[in-house]
Amino acid sequence: MEQAPPIEQQQAAIQPSYHIPIATLIVEPDPLVCEALAMHFRTHPHIGIATTATAAGALSALTRSVYDIVVLDGSQEDAAEVATSIHERYPSTVIIGLVPLATPNALEHLPVSIVSLVLTKPIPPALLERAILHAALYRSLQEQLSSLKEQHQQLTSDALAQLQQEYKHLKRAHQEQQDRFRIAIHDLQNPLANLATLCKELQQRQHELLPMAREAVELGLQSIEMMQTLIEDLLNTTQLDNDPRLSIAPVDVASFVRNTARRFAYRADKKNIWINLLLPSELPVVYADEHQLSKALDNLVSNAIKYTPSGGSVTIQVEPTSDRIRFHVRDTGQGMTPDDIAQAFTPFRRLSAVPTGGEPSTGLGLYIVRRIAELHGGTVTATSEGKGKGSTFTLEIPIAPGLSTSVIVSEQCPS
């Protein structure tokens, strides 16, 4: 077993870690022991001691001088009370308890949570000296830890304040960029509308145009339609992401779905696609933003028609449950790969399917559906048995409002 290094080496090793001298107050009722301790520590380079006969005397001495360490006799009846008082009034002072070897039950007088070290007495002065040095080191480490905690809290507070300031700046800059973006996108609508009007006038007089000019007019109209769709989708996406507002009101689901089918009847007829409606005989009233919900269902039906070849069909089915309602949109189109399904609701994501009639596609429609579903507290999912086997999209929302916490809501009462 290795021997402990000499006390001089220990003192030299820990000397830089604590205040010198180490002011120590020793509670010892025996005058002879006090005299022996005074002689031992009189020439000590690091420890300076004072003695008092009673625990109560220790409290009095602490009011007159500052002590790093108090060595308290646990056999005195008021030792526990005095130890508690010292800890409360002078929390940085380390308390060493001494318990007579003949009366070990005196340990009960000392609160374990307050006393840092307990020794038996009588104790050789050299051992007490070592205990005081270690207690001083403990006190120094406690002070350093406390200082580090304060520094950490200050650094954390400063960093948090700086981050908050930078966040406000970035948020303001982002908002300014969004505002400029919305204005720019919105201002594109008028010139595009003018171009569309001119192209349609030329289209009506196409018999006066050369074949190449007629083809150019058709291509121009297709490009304008694609740009108008992109602008509308960008404006919808910006509004849903940055300023989500829902106007909640009762929605007659049966009428809502029938109106959706009517809006797409002409487009479906042009591609020789049949639209089927599957509605149960009874449907609950749903509380939702009908305008936003219409955008979501329109996107699903539009996509179904867009990716279904001539002669196919699109089915809109409504399935109510006890507390939710599902809108299924099935098509007999090109179907989806597993990767398509995983990426379907990501913005600007182009899937493997290609529009069968040259219709425009922005890559934002399904993302808009997802955001509207989320804002209503609902979901949207996609399923397909594979390429060439059609797809099914299911939009599900609560019958009663189950809104995202970030949504600003205004409720409209039925007239």
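No value in this document is a laboratory result; all are computed from the given coordinates. All values reported here derive from a predicted model rather than from experimental measurement. Glycine gets a Cβ as well: all are built from the backbone with ideal geometry, and neighbour counts include every protein chain shown.
Annotations for the structure displayed:
- Stokes-Einstein translational diffusion, the stretch 7-147 - Kirkwood Rh over all Cα pairs, 1.567 mPa s, 4 °C, in µm²/s: 86 µm²/s
- Cross-link partners of residue 149 among aspartates and glutamates (Cα-Cα below 16 Å; sequence separation of 8 or more within a chain): 158
- For residue 271, the aspartates and glutamates whose Cα falls under 13 Å of its own Cα, not counting residues fewer than eight places away in the same chain, are 359.
- Listed by chain and number, the aspartates and glutamates whose C-alpha is less than 18 Å from the C-alpha of residue 387, apart from same-chain residues fewer than 8 away, are 331, 339, 340.
- Among the listed pairs 306/389; 270/306; 200/295, a Cα-Cα separation exceeding 18 Å is found for 200/295.
- Residue order for 339, 331, 78, fewest other beta carbons within 10 angstrom first, comes to 339, 78, 331.
- Helix-only [θ]222 nm of the chain, DSSP H runs n ≥ 4, -39500 (n - 2.57) each, per residue, nearest 500: -16500 deg cm²/dmol
- For the chain, the convex hull drawn through the C-alpha positions has a volume of 325 cubic angstrom per residue.
- Of the GluC sites (Glu not before Pro) in the stretch 217-305, the ones in a loop by DSSP (not H, G, I, E or B) with at most 11 other beta carbons within 10 Å are 282.
- A DSSP coil position with no more than 14 other Cβ atoms inside 10 Å describes the following GluC sites (Glu not before Pro) in the stretch 71-165: 77.
- Residue exposure sequence - 256, 345, 327, 181 - by fewest surrounding Cβ within 10 Å: 181, 256, 345, 327
- Among 254, 196, 23: highest mean-square fluctuation, GNM of the chain, C-alpha pairs under 10 Å: 23
- Bridge type composition, the stretch 244-411 - antiparallel percent by DSSP, nearest 5: 75 percent
- When the Gaussian network model of the chain links Cα atoms closer than 10 Å, the mean-square fluctuations of 95, 372, 325 top out at 95.
- In whole percents, the pair-distance distribution calculated for the stretch 244-411 from its alpha-carbon pairs, binned every 10 Å from zero, is 11, 41, 35, 13, 0.
- When 115, 286 are sorted by how many other C-beta atoms sit within 10 angstrom of their C-beta, beginning with the fewest, the order is 115, 286.
- The stretch 99-237: Rg to Rh, with Rh as the Kirkwood radius over Cα pairs: 1.73
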